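Chemist: Sending over a structure as structure tokens; questions will come in a sec.
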Amino acid sequence: MSENPSISDRVVAAGFAAGWKLVPLLPERPTAGAFRLLADRLWRRRGKSVRRLESNLARVTGLEPGSAELGELTRAGMRSYFRYFHEVFRLPSMPREEVVRRTHVTGVEHVHDNVAAGRGVVLALPHMGNWDQAGAWLAGIGHPFTTVAERLKPESLFRRYVAFREGLGMEVLPLTGGDGHNFGTLATRVRKGGVVCLPAERDLTKSGIEVRFFGSATKVPAGPPLLAVQTGAALLPAIVYFHGDDWGVDIHPEVAVPAEGTRQEKVAVVAQRLTDVFEKGIAEHPEDWHMLQRLWLEDLTR
């Protein structure tokens, strides 16, 4: 397939390439400060993505649109988002033992116990904190896993991101443009007792499951609940956030699959139960929820 990236795509790809090459060579504190300054500059400009983040945060917190408190939360959200990118550039050169040591985790026994029993695990998480760092931690404690990645543009950036994640211990399947058998591959992994990690609060396939999320309707990916229903894998919600200069991961108990009902009915119930856990985690760490896109169904029509 030929690739004809736009000028902006090429600039983004070049920026990422430079970031992975240069940021690890520079002192951490000054580069972290530079990323915060960039986040503040974009926040002050109030572009489309910043306004969308502010709108989404207003929904999840109940803060008054236009209030100073909501504005400061949005600023913290942009800083959190840019901290993610700063850390992404540094992660490949960070010692694995440091990643593990600085990750503060609750509920890891839910992963260990299921894997030890030969049962597959599906870790489902919202777009929070540094999910790539959480993946490096998971692989670092002995659980390499499979995930699915959105196909970024241009293709060169997508390939670089895949290589970055594979270097952290992940098997990466493309959301689109692959062999078309992602679900079958994921099901095979968990049926063999493996671990799968999937983002799960924003549907990118147009075949998602409708749920109630902070009081309004949205759609979430069908994959995580369907894997639990069809394979019997343990579906574990995970909340990832920044913990001071370190990282936090809260792994919640397994989402129960109903004993009765059709497959479709079971998937719908599991999807809502999963979303309910996400609600609680996002409400506790709203500044670390990186949702700069439209999410709720009523917003998609505007």
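Chemist: Along the three principal axes, how long is the range 139-193 when you take its alpha carbons, biggest first, rounded to the nearest angstrom?
Modeler: That gives 35, 27, 11 Å along the principal axes, largest extent first.
Chemist: Cross-chain or 8 or more residues apart, Cα under 28 Å: how many lysine pairs in the range 7-300 fit that? Count them up, please.
Modeler: 14
Chemist: Where does the range 177-285 land on Rg(C-alpha)/(2.2 N^0.38 Å)?
Modeler: Values: Rg = 14.4 Å, N = 109, 2.2 N^0.38 = 13.1 Å.
Cα Rg divided by the expected 2.2 N^0.38 Å: 1.10.
Chemist: Let me check I have the definition right: for the range 113-236, take the eigenvalues of the Cα gyration tensor, multiply each by 5, take square roots. What are those semi-axes in whole Å, largest first?
Modeler: Details: eigenvalues 84, 81, 42 Å².
Taking √(5λ) for each Cα gyration eigenvalue gives 21, 20, 15 Å.
Chemist: Which cross-chain or sequence-distant (5 or more) residues have an amide H under 5 Å from the amide H of residue 248, H modelled 1.01 Å from N in plane?
Modeler: Those lying under 5 Å, H to H, from residue 248 are 104, 241, 242, 243.
Chemist: Taking loop as defined by DSSP and a crowding limit of 10 other beta carbons within 10 Å, which GluC sites (Glu not before Pro) in the range 74-144 fit? Could the numbers behind the result be given before it?
Modeler: Numbers: sites: 87, 97, 98, 109; in loops: none.
Qualifying residues, ordered by number: none.
Chemist: If you don't mind, there's one more thing I want to ask. Hey, what does the equivalent ellipsoid look like for the range 1-140, semi-axes from the Cα gyration tensor as sqrt of 5 times each eigenvalue, largest first, whole Å?
Modeler: Numbers: eigenvalues 172, 111, 59 Å².
So the equivalent ellipsoid measures 29, 24, 17 Å along its semi-axes.
Chemist: Taking H as built 1.01 Å from N, whose amide H comes closer than 5 Å to the amide H of residue 173, not counting residues under 5 places away?
Modeler: For residue 173, whose amide H was placed from the backbone, the distant partners under 5 Å are 147, 148, 149.
Chemist: Another question, if that's okay. Restricting to bridges with both residues inside the range 7-300, how much of the DSSP beta-bridge set is antiparallel, in percent to the nearest 5?
Modeler: Working: 13 of 34 bridges.
Beta bridges within the range 7-300, antiparallel portion: roughly 40 percent.
Chemist: Projected area of the chain, taken from the Cα convex hull and averaged over every viewing direction, in nm²?
Modeler: Values: hull surface 64.2 nm².
The Cα convex hull of the chain, projected and averaged over all directions, gives 16.1 nm².
Chemist: To continue, here is another question. Alpha carbon centre of the range 35-51 versus the range 136-152: separation in Å?
Modeler: 29
Chemist: I would also like to ask the following. Report, in cubic angstrom per residue, the convex hull volume of the C-alpha atoms of the range 169-233.
Modeler: Working: hull volume 6.6 nm³, N = 65.
Spelled out: Cα convex hull of the range 169-233, divided by residues, is 102 Å³.
Chemist: Between residue 245 and residue 42, what FRET efficiency comes out of the Förster formula 1/(1 + (r/R0)^6) with R0 = 30 Å and r the beta carbon distance, rounded to 0.05?
Modeler: Values: r = 23 Å, r/R0 = 0.75.
It comes out at approximately 0.85.
Chemist: Per residue of the chain, what 222 nm ellipticity follows from adding -39500 (n - 2.57) for every DSSP H run with n ≥ 4, rounded to the nearest 500? Could you put the intermediate results ahead of the total?
Modeler: Details: 12 runs with 153 residues, N = 302.
So the helix-based figure for the chain works out to -16000 deg cm²/dmol.
Chemist: Then there's this: Give the distance, in whole Å, between the Cα centre of the range 76-98 and the Cα centre of the range 219-248.
Modeler: First find each Cα centre; the distance between them is then 21 Å.
Chemist: Ok, one more. Would you kindly derive the ³J(HN,Hα) couplings of the range 203-218 from the backbone phi angles with the Karplus curve 6.51 cos²θ - 1.76 cosθ + 1.60 (θ = phi - 60°), listing them in order in whole Hz, with x for Gly and Pro?
Modeler: 7, 10, 10, 6, 10, x, 9, 6, 9, 9, 9, 6, x, 10, 7, 8
No lab work stands behind these numbers, since they all come straight from the coordinates. Quick caveat, the model's predicted, so the values are computed rather than measured. Every residue, glycine as well, gets a Cβ built from its backbone with ideal geometry; the counts of neighbours run over all protein chains shown.
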